[in-house]
């Protein structure tokens, strides 16, 4: 069966009357299969000759893409997947895809794969067929030559791998910053993460991201890289605010060297790289552009249909194929950058021994021909008599016009897309297709009913810019889309968290004053934009700074201070919010000490009195090289002018002063600090 987990698969009959095709061995995994919805025909394009070498009819949906393995092909539409055998061109069976999303097709050994990025599912169409959950919405996947599919879980940052023949995700060994916009690519056949927040390219090295290479160019968050490098140079499409640019970065040099090609304003698809060539589609002008790895223009060819969504894909023959929405034109980009137009409306080559029946314009109905469709084998019946009056034929129905007033309103990990009714052009509208593309490479689409006028897209990444397109579908096909401007989902705004790692640094040996330096890291801003930080300090001035450091000079060592830092943010509507505070302290230096004891006997001033001796005074912890006045006291009548002394470089001083007598009396000394704080010694009973 096509997909064991996809219900509704039904076997369909082998197409009758198809001439024997070319052997599949002649184009197995070469060239490009495509579906022309106007002709209802599957074609195979030989990329080497730019010829159609086989075709067969199939009833499939407008916009279907065709993916191939060695022996089989699959026509993948929005609501149906139909398999066919490449050797016999017999249709095998049909199945229902997991969602209405338009998948990303990947042709690689072990595949092919249809990747439903927004739905969070990868469908392996080859053997073994499998429907594999990615654990949530993912960005655009990339593949390495060994057949491993790598994808980035947007919003979570996890980078996961799906091995060639695995039926489950092989693991998510690497994690990128969850809040950084970015996309995967392949450089030198190694998966790499382009961080659009830092403009650095990190290769996957085992179970971690490498240190990364600074690309030397500032990229906008809407930039998107090619899925692989071109001759060692990574192509990045940067739709900057002023103009769109193609940036080619040589990641093999340190520092990386880049070439920037100014593309001007426009709406571009791509880039896609193969060999030494980069291809783009200018949707406004309807042209395919190619460049070499040095940014030199190689070729330019027009697209006939400028209204739809062109599809760029790289075949296993290393050529780029660009086809329009309806499969009426395909342009082949060769490895030298030349572009060749393939006429998909002409007849494919008929295999040897095959016969085909083709109705040409020469077989069109003649006047009076009353044959019905399917009656080509009999002669027309002609009417006789007078000619009937001629009336103007009715205008036939056509595809719808573009929806009116397409708009999008961002939410938390989502966006609500609204639109007005599209002109139905004489055929009722059956559905609207809502598609989106993010600056991180995330894409997706969904079909809603013909009466709908709004749809909420979930699973988007906050902080990533998205553009949404809405197109209407009726029985004639899908009409042109109308797009919104970029919108960016974001989480509900709340006050910022407390600054991270606030520290108060100072030299504890600096006295009497010292400089206190506060440092911290930016906190989570919770959806707001940083305006400044507010710094408060006990007994000192309040500061407003935009950086993450502030210095309070000449703080007194003896002063205990509590510092707080809060982030002030601005909401999208201009409101200012003050975040949670972080705090740090300046511990007051210990107070100086005075130690008093009875010193050596002396005859100075009181030599004839009993117990006449000096007061032995030890000063510690005072400011160094500073003058202090030492004043003695007693509990009995006593008068002394005191003594002024200067401390040593370590803040100490030893004195033998104030000869005293008076057995049984209590004495002490005091020093008053410059800030008025009195320091009193212990009391001594004489």
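The values are calculated or read from the model by the stated rules, or taken from the named source; none is laboratory data. These figures come from a predicted structure and were not determined experimentally. Positions of Cβ are generated from backbone atoms using ideal geometry, with glycine treated the same way; all protein chains shown enter the neighbour counts.
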Do we have residue 18 as part of a loop (DSSP other than H, G, I, E, B), touching a strand residue (DSSP E or B) at 6+ places or on another chain (Cβ under 6 Å), at pLDDT below 90 and over 26 Å from residue 444 (Cα atoms) here?
yes
Looking for something crowded, with 21+ Cβ neighbours inside 10 Å, in contact with a strand residue (DSSP E or B) (Cβ under 7 Å, 6 or more places away or on another chain) and under 17 Å from residue 443 (Cβ atoms) - is there at least one such residue anywhere in the range 78-91?
yes
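Return the residue satisfying two criteria in turn: it lies in the range 515-529 and is touching a strand residue (DSSP E or B) at 6+ places or on another chain (Cβ under 6 Å) and surrounded by fewer than 17 Cβ atoms within 10 Å (Cβ to Cβ), and of such residues it is modelled with the lowest pLDDT. Explain how you work it out, then say what you get.
Looking only at the range 515-529, we keep the residues that are touching a strand residue (DSSP E or B) at 6+ places or on another chain (Cβ under 6 Å), and these are 515-521, 523, 525, 528-529.
Among the residues that remain, those that are also surrounded by fewer than 17 Cβ atoms within 10 Å (Cβ to Cβ) are: 515, 517, 521, 529.
On the way: 515: 94, 517: 96, 521: 96, 529: 91.
Among them, the one singled out is 529.
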Strands (runs of 3 or more DSSP E) fully within the range 559-605 counting 3 or more residues that are surrounded by fewer than 15 Cβ atoms within 10 Å (Cβ to Cβ)
593-601
Check the range 318-333 and report whether any residue there is modelled with pLDDT under 85, in a loop (DSSP other than H, G, I, E, B) and surrounded by fewer than 19 Cβ atoms within 10 Å (Cβ to Cβ).
yes
Report the residue count in the range 172-200 for those that are over 17 Å from residue 117 (Cβ atoms), assigned to a loop (DSSP other than H, G, I, E, B) and within 13 Å of the chain's Cα centre (by Cα).
8
Among (1) surrounded by 23 or more Cβ atoms within 10 Å (Cβ to Cβ); (2) out of contact with any helix residue (DSSP H, G or I) (no Cβ under 7 Å at 6 or more places or on another chain); (3) under 20 Å from residue 45 (Cβ atoms), where does residue 65 come up short?
(1)
Residue 682: passes all of (1) part of a loop (DSSP other than H, G, I, E, B); (2) closer than 30 Å to residue 503 by Cα but (2)
In this structure, does residue 482 turn out to be under 16 Å from residue 525 (Cα atoms) and either touching a strand residue (DSSP E or B) at 6+ places or on another chain (Cβ under 6 Å) or free of Cβ contacts under 8 Å to residues at least 12 places away in the same chain (or both)?
no
Just to be sure before I move on: is residue 675 at pLDDT below 90 and either within 17 Å of residue 558 (Cα to Cα) or assigned to a strand (DSSP E or B) (or both) in the structure I sent?
yes
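For residue 168, state whether it is more than 18 Å from residue 123 (Cα to Cα), surrounded by fewer than 17 Cβ atoms within 10 Å (Cβ to Cβ) and not assigned by TED's automatic domain parsing to the domain that holds residue 445.
no
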Go over the candidates 397, 512 one by one and state the one that is under 27 Å from residue 40 (Cα atoms) and modelled with pLDDT under 95.
397
List the strands (runs of 3 or more DSSP E) inside the range 608-654, counting only whole elements, that have at least 3 residues being free of Cβ contacts under 8 Å to residues at least 12 places away in the same chain.
none
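Every residue, every condition in (1) under 21 Å from residue 308 (Cα atoms); (2) in a loop (DSSP other than H, G, I, E, B), yes or no:
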residue: 434; (1), (2): yes, no
residue: 444; (1), (2): yes, no
residue: 460; (1), (2): no, yes
residue: 464; (1), (2): no, yes
residue: 480; (1), (2): yes, yes
residue: 489; (1), (2): no, yes
residue: 496; (1), (2): no, yes
